[in-house]
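Shown next, in structure tokens, is the structure this report addresses.
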Amino acid sequence: MAGAIYRQSTRRRLLAAGAFALLALLPPVLQALGQEFYISFAARVLIFALAATSLNFIVGFGGMVAFGHAAFFGAGAYTVAVLMESGIASAFVAWPAAVAMAALLAFGIGFVSLRTRGVYFIMITLAFAQMFYYLAISMKNWGGDDGLSLAARSAFGPLDLKHDPTFYWVALASLGLCLYLLDRITHARFGRVLQAIRENESRMEGLGYPVLGYKLLCFVIGAAMAGLAGALIANHGQLASPNLLQWTQSGTLLVMVIVGGVGALYGGAVGAVVLLLVEEVLAHYTTHWHAALGLILLLVVFRAPKGIAAWAHGLFSRGEKHE
Amino acid sequence: MSESLLAIDGVSRHFGGVTALSDVSFSVEAGEVHALIGPNGAGKTTLIHQISGAQRPDAGRIVFAGEDVTALPMHTRVQRGMARSWQITNVFNRLTLLDNVVLAVKGRQRDWGSGFRFWKPVDDEQALIDEARGWLTEVGLAGRERALAGSLAHGEQRQLEVVLALATKPKLLLLDEPMAGTGPEESERMVVLIEKLARHVTILLVEHDMDAVFRLADRISVLVGGRLVCTGTPEEVRVHPEVRRAYLGEDA
Amino acid sequence: MLFLLAAGLTLVFGIMDMINLAHGSLYMVGAYLAAAAAAASGSFVIGVLAAIAGTMAVGALLELAVLRRLYTRDHLSQVLATFALILIANEAVRAIWGDQPVMLNAPEALAGPVEIAGFSYPAFRLLIIAVGVLVALALYVAVAKTRVGMWVRAGASNREMTEALGINVKRLFTLVFAVGAGLCALAGAMLGPLLAVQVGMGESILILAFVVIVIGGIGSIRGALVGSLLVGVVDTLGRALLPWLLRSFLPGEVAAQLGPALAAILIYVLMAAILFWKPAGLFPARG
């Protein structure tokens, strides 16, 4: 059953925990190898992993193919940037504000858009994201075309985010926290209901479930997490760029989700890692790396149709019973 | 005069240039089995859609238990006590029968907190499971709870279709051709089931099977070409000239 | 011109139920081929014809090699695959023609303005409108009056039935795709002199094309026509009137900032509004 890969056995949870422990060791390892520059790159990968994971919750688990996720990603970034402009530099204020802003936006957009479905839903979410993009590039107060830069990274209490490894760990912790939350949510009643809605929406409505409400909440949760990712990315580059709001950004996130595995809990993260790593590696070899990336994507579509996470899942779970 | 459980008042519905329903008005009294009949394409399923909330009428009102529900979404109407079954089986094919009914039972819990519980993994369901088993037994599907809904025989699927609506414990049950596509034995079983249900639930039954209709119905409404042609007891309907014309041709 | 792209896109989407993001890339290929052919031959007309022929060939090849396998896949896979094609196409073009925009000049004869009813209008733009109208008429005749057109319409409203009726659906699809590609090429060639012929030109117009077909209803050529007209009108009027309107009740600076933003947004607002009122677009081909 679709979403079965979301089912986490204890074994898989342990594996995930192990992976996280390894990832936490990355900065000192890179430092030892003299490749400190890559710590910043790794943090960027983590941030996109978070953004893609949040989208996967909406697309894979909620069954809503949305093409406007960039709006929430960008909203988070801009919230932090604008607050910092106004003198509020504390992460403990700005980051929750970013999350709240994204959630609020999602509530509004979802309320209107979720009455449609299929390609119309895709288009209308895209439309809303585009609206914010145009708004952002027009407002000179928000930096217009160039975006709004941050004077410094957010103040995170005793931790100095300017220090790359510290920032990396904060990003890692954020990703871990959100994955943990999603793990709990998908296994709780809420998750069960969402899965049933994906199975047969009209019947669920006919059984008295407020389907729109459930989908909206799923949409908002995904958006909120994207807002957090946005706060992180604004910090990372010290810039809230309108490029974050472009439809191509929504497309990239969607591609990450599809490549990684729609409906797999770690699908978004896997997809982000693969895509960004491949980009980085290919870029070293040729200026035409876009074409190579395209070929790789085609390979995924035809050889690993359910995404890489599903393909790996198939490799690793011969004999493991699941629903 | 006591208030009807369900009152349909001047309901009309168009699709593009086609008028599916035209100023339909009738009522369903509490405790009765009310059949809705008519030739194919008369608008019966469309009317069920309007009543259940799957669609909104272009004109007219739906009044349920004294409340105007015309603007309410389907799930709210279900919470008010109105449940429906579908003409084309609409169950959760990939879930077991038990899981299907458990979902229906869970849906009854009016506190939003239950479905929106995020934290605890799903494991405190024993009471729900027991109740679900009870429902399956009531409709005669007791031994099949572990079977996947999609693997059932057609007649059994129709039974599942009905029990899902039933498990929401409605005041009014809208049955849309429950006997569609079933053979004589299965139809008989369905009739017996409906007779049993009729003792504690009001039923609005859409059906083509005339034997079943005349056996079960307390009153009958006839829809022809989107218009309500008559409402009355089976005897009244049987002799009504327009009904005879619609079913039997011009010179009946 | 938007209509040309939208028409091809709506047919592909309506009949083959396929989201083709690479549609914009065909438009780009058409523009580049036109530029190359026009430069080589010195004639704009030859450039256009070569572009159409070449792009149709590319389109047909693409369909046979890659896209055919995507019809049965879900929309997300199609998105991924056609997105990959965009990447490859952009790089291929960049490899052949380089990063800089390429020149495509309108024919000399039409370089100047023309007098119509007292208004002076650039002749080339008139040609574009004329071509658009002609193609619309031709498509209308083809789709509404010929047998092939009937198959196309049948395919758009119910694919399985059409297959069951024995129509060679595979060849029909290739044909439809090739025609769509040809339309893209025509649009690319005609718009080349006005907009820049450069890598990535397909993406910006692609999104507009999608908006158009959603407004018009997927699978409907009439919808594509009405949609592109609506979008064109709204866009032009919006850009012209909005800043002026805003200035009358907002402080000058804010109006200056919001004006262009709102004008760009207007199209999306239009689409959202139409979807709200008619969730399947204005003239959906499928019931």
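List of remarks:
- Any pair with Cβ under 9 angstrom, 6 or more apart, that starts in the stretch A:184-200 at a residue that is surrounded by fewer than 19 Cβ atoms within 10 Å (Cβ to Cβ) and ends at one that is of a type outside the set (S, T, N, Q) and at pLDDT 85 or above: A:Arg184/A:Gly191
Each row is one residue, and each column tells you yes or no for (1) farther than 30 Å from B:Gln157 by Cα; (2) not charged (D, E, K, R).
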site: B:Leu193; (1), (2): no, yes
site: B:Leu197; (1), (2): no, yes
site: B:Val222; (1), (2): no, yes
site: B:Arg227; (1), (2): yes, no
site: B:Thr231; (1), (2): yes, yes
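- Yes/no for A:Ser154 being in contact with a strand residue (DSSP E or B) (Cβ under 9 Å, 6 or more places away or on another chain) and either more than 9 Å from every other protein chain (Cβ to nearest Cβ) or acidic (Asp, Glu) (or both): yes
- Hits in the stretch A:87-113 (condition: at pLDDT below 90, surrounded by fewer than 23 Cβ atoms within 10 Å (Cβ to Cβ) and more than 26 Å from A:Phe156 (Cα to Cα)): A:Phe111, A:Val112
- Checked against the criterion of being over 30 Å from C:Ala95 (Cα atoms) and modelled with pLDDT of 80 or more, the candidates C:Leu275, C:Leu229, C:Leu241, C:Leu282 yield just one match: C:Leu229.
- Restricting attention to the stretch C:200-212, the residues that are under 16 Å from C:Ile96 (Cβ atoms), surrounded by 23 or more Cβ atoms within 10 Å (Cβ to Cβ) and more than 10 Å from the chain's Cα centre (by Cα) add up to 1.
- Within the stretch B:78-93, the set of residues being facing another protein chain (nearest Cβ under 7 Å) and over 12 Å from the mean Cα position of the chain (by Cα) comprises B:Gln79, B:Asn90, B:Val91, B:Phe92.
- Of all residues in the stretch C:62-81 being within 8 Å of chain A (Cβ to nearest Cβ) and without any contact (Cβ under 8 Å) to a residue 12 or more places away in the chain, the one that is surrounded by the most Cβ atoms within 10 Å (Cβ to Cβ): C:Leu80
- Of everything in the stretch B:47-72 that is in contact (Cβ under 8 Å) with a residue 60 or more places away in the chain and assigned to a helix (DSSP H, G or I), the residue that is surrounded by the fewest Cβ atoms within 10 Å (Cβ to Cβ) is B:Ile48.
- Within the stretch B:127-151, restricting attention to residues that are of a type in the set (A, V, I, L, M) and more than 21 Å from the chain's Cα centre (by Cα), the residue that is surrounded by the most Cβ atoms within 10 Å (Cβ to Cβ) is B:Leu128.
- Residue satisfying all of: in the stretch B:137-175; in a helix (DSSP H, G or I) and of a type in the set (Gly, Ala, Ser); nearest to the other protein chains (Cβ to nearest Cβ) among these: B:Ala165
- Residues of the stretch B:46-63 classified as touching a Lys or Arg at 6+ places or on another chain (Cβ under 7 Å) and away from chain A (no Cβ under 14 Å), total: 4
- Single condition C:Ala156 does not satisfy, out of (1) under 22 Å from the mean Cα position of the chain (by Cα); (2) modelled with pLDDT of 70 or more: (2)
- The listed residue being in contact (Cβ under 8 Å) with a residue 12 or more places away in the chain and farther than 30 Å from C:Lys278 by Cβ, out of A:Ala81, A:Ala129: A:Ala81
The values are calculated or read from the model by the stated rules, or taken from the named source; none is laboratory data. Everything numeric in this text was worked out from a predicted model, so none of it was measured. Positions of Cβ are backbone-derived with ideal geometry, glycine not excepted, and every protein chain shown enters the neighbour counts.
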